[in-house]
Amino acid sequence: MQDPFKSSLFSSTPAIRRRAFLTRLLLSGLASACTNPLLATNRRIDPSYYTLLADPHIPADRLRQHNGVFMTTQLETVIKQVICQPRLPGGVIIAGDLAYSRAETEDYLQLANILQPLRSTGIAVHLALGNHDHRERFLHAIPWAFRPDRPRQDRCCTVVSSPHANWFLLDSLEETLSTPGLLGPKQLQWLASALDARRRKPAILVLHHHPDHTNPRAGLKDTEAFLEVLKPRPQVKACVFGHTHRWAHITDESGIHWINLPPTSYVFRPEYPIGWVEARVHTDGMILRLHCLDHRHTQHGQELHLTWRPARFSNFISSVSTDTEPKLPTPS
Ligand SMILES: [Fe+2]
């Protein structure tokens, strides 16, 4: 089985790398989506750059529409834009709700087809699960997504290492078609120990559901337990999620950044952006850039320059409550 977490391009020389990439791009039929100046650029994979997507909601039927959009076409457009950039990402992460609604096996087969151009170019693809996913059908239809020796057999979670950060992919799917999510005590226990084993590098967490203290909850049911793991560990710098189908960012009182990704599919209010987020991680933080599918959207090109909280806490953390809810949007 091919290792989804290794790019074949990493071990190539630059010249071979570029030639192999262009060959694969031409074979994949996406070359026509790129302009000649972009093809002429000496492109390479930047392992510190990740592309972040959420909520593609891919149906088996590529002609299926929802809220006036073709979900398959929109994800294909996003992937073309990612592939046609001058510099390619080390990885693409999709933060859940991969399938359309009931998460049928055929939805995942369609998704795998759409993602293939990314994998053909050597870009690693990492998939998280949401409430419109089904774990067993997902693993059956997309066997390259998670290795059999993943740290927990009952969840699709893992750690992806990059030069300036470890990306922790979490699985908050509790029940397909039930809106709220749950990480569960066992996955949280694994997360705590995995974070403790990686204290020296910044940690960025990715999951589908947002932290939520409302009642009844539409987001993460075990928000308090999740925050108890995150907040005392200074290596945790940011948490990325989808679920609400809107773009937002806040920094909580402990200094953790909470990033709500826009969907690639449909929005609940017409003024919200649809698109993807470019994340460039450096030693002290991360630069996020929003790419809207509609380039006329007022937020298209918006950049957020995030600075990491301190690597060591002194008395700072003792004043930070773990039950304070970040002020985040809820699903409409
Ligand atoms: Fe969704």
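Taking θ = phi - 60°, what integer Hz values does the Karplus form 6.51 cos²θ - 1.76 cosθ + 1.60 yield along the range 52-62, in sequence order, with x for Gly and Pro?
Each residue's phi maps through the Karplus curve to give 10, 10, 8, 6, x, 6, 7, x, 4, 8, 5 Hz.
Please find the FRET efficiency linking residue 250 to residue 294, where r is the Cβ-Cβ separation and R0 is fixed at 22 Å, and quote it to the nearest 0.05.
Details: r = 24 Å, r/R0 = 1.11.
The formula returns an efficiency of 0.35 here.
For the range 44-319, what log10 I(q)/I(0) values come out of the Debye formula at q = 0.17 1/Å, with one point per alpha carbon and no solvent?
The computed values of log10 I(q)/I(0) come out as -1.49.
Report the rotationally averaged projected area of the range 59-133 based on its alpha-carbon convex hull, in square nanometres. The partial results should precede the final answer.
Details: hull surface 19.9 nm².
The number I arrive at for the range 59-133 is 5.0 nm².
Apply the Karplus parameterisation 6.51 cos²θ - 1.76 cosθ + 1.60, with θ equal to phi minus 60°, to every residue of the range 145-161 and state each ³J(HN,Hα) to the nearest whole Hz, in sequence, with x for glycine and proline.
Working through the residues one at a time gives 5, 9, 6, x, 8, 4, x, 10, 6, 8, 9, 9, 10, 6, 10, 10, 8 Hz.
Normalised by the number of residues in the range 44-319, what is the relative contact order in percent for Cα pairs under 8 Å and 6+ residues apart?
On the way: 643 pairs, mean separation 51.0, N = 276.
Averaging sequence separation for qualifying contacts and normalising by length gives 18 percent for the range 44-319.
Going by average Cβ neighbours within 10 Å, how do the peptides 238-251, 128-141, 268-281 rank, with the highest at the top?
Details: 238-251: 23.3, 128-141: 21.0, 268-281: 18.7.
By packing density, highest mean first, the sequence is 238-251, 128-141, 268-281.
For a quick protection proxy, order the peptides 74-82, 282-290, 143-151 by their average other-Cβ count within 10 Å, most packed first.
Going from most to least packed, we get 74-82, 282-290, 143-151.
Taken together, the values in this text are just the output of simple stated rules run on the coordinates, not laboratory data. Given the structure is predicted, the values throughout are model-derived calculations rather than measurements. Note that we place each Cβ from the backbone using ideal geometry, even for glycine, and neighbour counts take in every protein chain shown.
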